[in-house]
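K.L.:
Input: one structure, supplied below.
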Amino acid sequence: MNILYHCGKYFIFLTKVFGKPERGRVYLRQTIIEIEKIGLGSMPIVAIMSVFMGAVITIQTASSLSGGWIPMSTVGYATRESILLEFSPTIIALILAGKVGSNIASEIGTMRVTEQIDALDIMGINSAGYLVFPKIIAAVLINPFVIVVSMFLGVFGGWLAAYASGILIPSVYVEGIQQQFIPFHVTYSLIKTLFFAFAITSVSAYHGYYVNGGALEVGAGSTKAVVYSSIVILLLNYVLTQLLLI
């Protein structure tokens, strides 16, 4: 019953978030600020993770195929598919749930316990819309770009590992990347990214918005935001994969 209570409360919260804004120009300015915080601020960790994961996938796959029964060009194919279908959209989303989600929950939670949200409500401002709506729009707009960069860097990291380690001829790796490419796989990944971006920002904001207490409760709310955002991402990943790939 507790789950149903929070699900209902979450959807009521969304109706407040997407209520009619008082001044659209203010929301636009806030959205641009959030794009920089959520998207551009996450690029360093996304870039590092993507390059090294692409390199690790390449080395592990190449070492597994060293027997000679399977063409080594399969390494490039396997790396590309792993990066496009699962690593960049899903694993990066889980990383962003930890980085971005905890930041959103702690930011809004701190405003709640210091009564800044109450002050906005008293002034007649839709506090949920003002604080959360720009974050959701910013994430939905910028996260696909972040994931596309992650895809490129992941595949490039695989090429770099092949070149640096000598475990695979780089031209053979490139040949594998070009094998049986299905453009819809990129579309599928970007569709998942949109849903994940919405889940990370809205679930994290929900836990921050309804914090009660002090600093300890803000920390607990941030932890819950990361946990529940990750669970929602995994559930959405399963459902969307069933709907789009099968």
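K.L.:
May I have the pair-distance distribution P(r) for the stretch 9-88, computed from all Cα-Cα distances with 5 Å bins from 0 and rounded to whole percent?
P.N.:
3, 12, 13, 12, 11, 9, 9, 9, 8, 6, 5, 3, 1, 0
K.L.:
Positive end of the charge dipole of the chain (Lys, Arg +1 and Asp, Glu -1 on Cβ, about the Cα centre): tell me which of 3, 138, 15 has its Cα farthest that way.
P.N.:
Result: 15.
K.L.:
Which lysines, if any, have their Cα less than 19 Å from the Cα of residue 135, not counting same-chain residues under 8 positions apart?
P.N.:
In chain and number order, the partners are 16, 20, 37, 99, 192, 224.
K.L.:
What nm value, rounded to one decimal, do you get for the distance between residue 231 and residue 215 when each label is placed 7 Å out toward the C-beta?
P.N.:
Reported label-point gap for residue 231 and residue 215 is 2.9 nm.
K.L.:
For residue 179 and residue 9 in one chain, what is 0.36 nm times their gap in residues minus the Cα-Cα distance, to one decimal in nm? Before the final figure, lay out the partial values.
P.N.:
On the way: separation 170, 0.36 × 170 = 61.20 nm, distance 4.78 nm.
The residue 179-residue 9 span can extend by a further 56.4 nm.
K.L.:
Further question on the same structure: Scattering from the C-alpha atoms of the chain alone, worked out with Debye: what is log10 I(q)/I(0) at q = 0.07, 0.16 1/Å?
P.N.:
Scattering profile of the chain, log10 relative to I(0): -0.29, -1.08.
K.L.:
Also: What order, most packed first, do the peptides 204-213, 170-179 have when packing is the mean number of other Cβ atoms within 10 Å of each residue?
P.N.:
204-213, 170-179
K.L.:
For Cα pairs less than 8 Å apart in space and 6+ apart in sequence, what is the mean separation divided by the residue count of the chain, i.e. the relative contact order in percent?
P.N.:
On the way: 325 pairs, mean separation 83.2, N = 246.
Relative contact order, the chain: 34 percent.
K.L.:
Follow-up. With charges set only on the Cβ (+1 for Lys and Arg, -1 for Asp and Glu), what does the dipole of the stretch 30-245 come to about its Cα centre, in debye to the nearest 20? Kindly include the intermediate steps, with their values, before the conclusion.
P.N.:
Numbers: 7 positive and 10 negative charges, 58 e Å.
Using Cβ point charges on Lys, Arg, Asp and Glu, the stretch 30-245 gives about 280 debye.
FYI, it's all coordinate maths here, none of it is from the lab. If you're wondering where the values come from, they're calculated on a predicted model, not measured in any experiment. Cβ atoms come from the backbone with ideal geometry, glycine included; neighbour counts cover every protein chain shown.
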